[in-house]
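Trainee: Below are the C-alpha cells for one structure; questions will follow.
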C-alpha cells in the first residue's frame, strides 16, 4: 500500500514551519481505497508569499482543526504504507516535525516521484509537478493546494508504476506488506483480488516473483491456480505469499506485458517459453511474370513476413478469407496447385491473373492492399483501445514499422503531438513475439481505432 500525499505549509525558518493543509490518498497500486483531506490550524502565522502562492490565509484556518486533532487519523491511514510525494524529502520532514512536537516518533518508508520520474522518464524539460504532469497529459486542478497536487501525484505515480519494467517499486511494496498466516493465506489473497483484465504476479515471502500470468478476469484465474490439484500447482501454492496485479484495460496490452515480463523476470514457475509463440508466416514474392505471389510456410527468423500465425490451420483459414475478400487468384496465392486457370476463375471470383488475363498492376494493387492492412512494416500508427478507467484510453505506438510501447492518456487530453505520445509511452521490446501478438489481435478486433501519422509530426 502507498500513502500518496501533499502538504502545504506556513513557510518560514527550517523546522519551524507548520502544516496548513494536508491531503492523503491511500493507494493499492490500482485504485484509491481511502482518503483524508483537511485544512489545519498551524498555530503560527503564514508567510505572505505562501498566501499569494496557495491562497490559504490565517482567517481561513481560524476554525480548522489543530494538528494534534488529526494526528491519529494520519497515523491510521499511513500504517503499513510507503509514503509517496513529489519531493518526498520535504513532505516527510514536515510530517515528522509535527509529530515530534507531540512527542511521537513517526517513521515510514518513503518514495519520491521527482527521483522516480528522473529515472523512469528521463530528459523531461522540467520535473516540477505542474510542468511535468502537463507535459504528460495528466489533468491538474487547484495547483499549490494539497488536494489538487495529491490527485495529480496519484496519476503520476500510476504512470511511473507502469514504466517500472524491472518491477523494483512493486517488489519493495510487497516486502512492506504485513505477513499473513500460512493456513488461510490463499483465502485472504483471493478476497483482495478484482475481476479485471490485466497481468498478475505471484510472490514468495521475500517478495520475489515466482509466476506471471495474464487474464481477462484476474480473480477467477488466481482461483484456478489455488484450486488446481496438479503437483506443480500444489508446490506453487505452498510458496506463494502474496499476489500483486496491474490493470491493463484490454487484452492486447495484457498479452504484450505478459510476454515481456516473463522474459525479463524469468519466474521459476513459468514454463520455459518456446522460441516463438507462432509457428507459420505468410510470405510474398514476385514471380517471373511480375505477379506478387503469396505463400504460407514455417516462420523463419531470418526473413520478414507479412504476418504470423499460431498454427498452420489458422494460417490457411485466414488466407482463404483474404483470397475471397481481395478477389485474388487461388493458385498465385498458394491455395491451389497446378497450372492453367484456378478454380476461382471458373466461378468468376478470380479476374484471370493465373492465365495472364489481368494486368500485374491491377492484381498487385489488391495484394498490396492486403499487405498494408495486415503488416505494419514501415508504418507509423497508434492503436487506440480501452483504458483502465472510464475516462482513459490506451495507446500502442508503432514508428517506422517498429513496436515502441504502450501508454495511457486521459480522454480530456488531445494526443496530437508525437513528442507527447512518446512521453506517455512505456517502452517495450520489439521482438517477433510482440509483433505476432499485435498482428493477431488486430486481425481479430477489426473495430479498433487506428490513427496513421507522418514521421514528420
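The values are calculated or read from the model by the stated rules, or taken from the named source; none is laboratory data. Here the structure is a predicted model, which is why all the values come from computation and not from measurement. Please note: Cβ atoms are built from the backbone with ideal geometry, for glycine as well, and neighbour counts cover all protein chains shown.
Trainee: Please verify whether the range 39-55 includes one or more residues that are closer than 14 Å to residue 145 by Cβ, in the same structural domain as residue 112 (by TED's automatic domain parsing) and assigned to a strand (DSSP E or B).
Mentor: Within the range 39-55, one or more residues are closer than 14 Å to residue 145 by Cβ, in the same structural domain as residue 112 (by TED's automatic domain parsing) and assigned to a strand (DSSP E or B).
Trainee: For residue 309, which of the numbered conditions (1) within 28 Å of the chain's Cα centre (by Cα); (2) over 30 Å from residue 351 (Cα atoms) fails to hold?
Mentor: Only one criterion is unmet by residue 309, namely (2).
Trainee: Name the residue that is nearest to residue 39 (Cα to Cα), counting only residues in the range 105-137 that are assigned to a loop (DSSP other than H, G, I, E, B) and touching a strand residue (DSSP E or B) at 6+ places or on another chain (Cβ under 7 Å).
Mentor: Selected residue: 108.
Trainee: Ok, one more. When only residues in the range 117-144 that are under 20 Å from residue 2 (Cα atoms) and in contact (Cβ under 8 Å) with a residue 12 or more places away in the chain count, which is surrounded by the most Cβ atoms within 10 Å (Cβ to Cβ)?
Mentor: Selected residue: 129.
Trainee: Could you list, in sequence order, the residues of the range 380-401 that are crowded, with 16+ Cβ neighbours inside 10 Å and part of a loop (DSSP other than H, G, I, E, B)?
Mentor: 380, 387, 388
Trainee: Go through the range 21-46 and give me each residue that's surrounded by fewer than 16 Cβ atoms within 10 Å (Cβ to Cβ) and out of contact with any strand residue (DSSP E or B) (no Cβ under 7 Å at 6 or more places or on another chain).
Mentor: Selection gives 31, 44, 45.
Trainee: Residues of the range 76-105 being within 34 Å of the chain's Cα centre (by Cα) and more than 29 Å from residue 127 (Cα to Cα), which ones?
Mentor: Of everything in the range 76-105, just one residue is within 34 Å of the chain's Cα centre (by Cα) and more than 29 Å from residue 127 (Cα to Cα), namely 76.
Trainee: Okay, moving on. Scan the helices (runs of 4 or more DSSP H) fully inside the range 286-375 and keep the ones with 1 or more residues being surrounded by 14 or more Cβ atoms within 10 Å (Cβ to Cβ) and touching a strand residue (DSSP E or B) at 6+ places or on another chain (Cβ under 9 Å).
Mentor: Of the helices (runs of 4 or more DSSP H) lying wholly inside the range 286-375, those with at least 1 residues that are surrounded by 14 or more Cβ atoms within 10 Å (Cβ to Cβ) and touching a strand residue (DSSP E or B) at 6+ places or on another chain (Cβ under 9 Å) span 312-325, 360-374.
Trainee: Take the conditions touching a strand residue (DSSP E or B) at 6+ places or on another chain (Cβ under 8 Å) and part of a helix (DSSP H, G or I) and apply them to residue 282. Does it pass?
Mentor: no
Trainee: What's the number of the condition residue 100 fails, among (1) surrounded by fewer than 15 Cβ atoms within 10 Å (Cβ to Cβ); (2) at pLDDT 90 or above; (3) touching a helix residue (DSSP H, G or I) at 6+ places or on another chain (Cβ under 7 Å)?
Mentor: (3)
Trainee: A follow-up question, please. Among the residues in the range 402-424, are any within 28 Å of residue 323 (Cα to Cα), outside the structural domain of residue 349 (by TED's automatic domain parsing) and outside any helix (DSSP H, G or I)?
Mentor: Yes, there is a match, as at least one residue in the range 402-424 is within 28 Å of residue 323 (Cα to Cα), outside the structural domain of residue 349 (by TED's automatic domain parsing) and outside any helix (DSSP H, G or I).
Trainee: Any residue that is farther than 21 Å from residue 297 by Cα and either modelled with pLDDT under 90 or under 25 Å from the mean Cα position of the chain (by Cα) (or both) - is there at least one of those in the range 326-337?
Mentor: No, the range 326-337 has no match at all.
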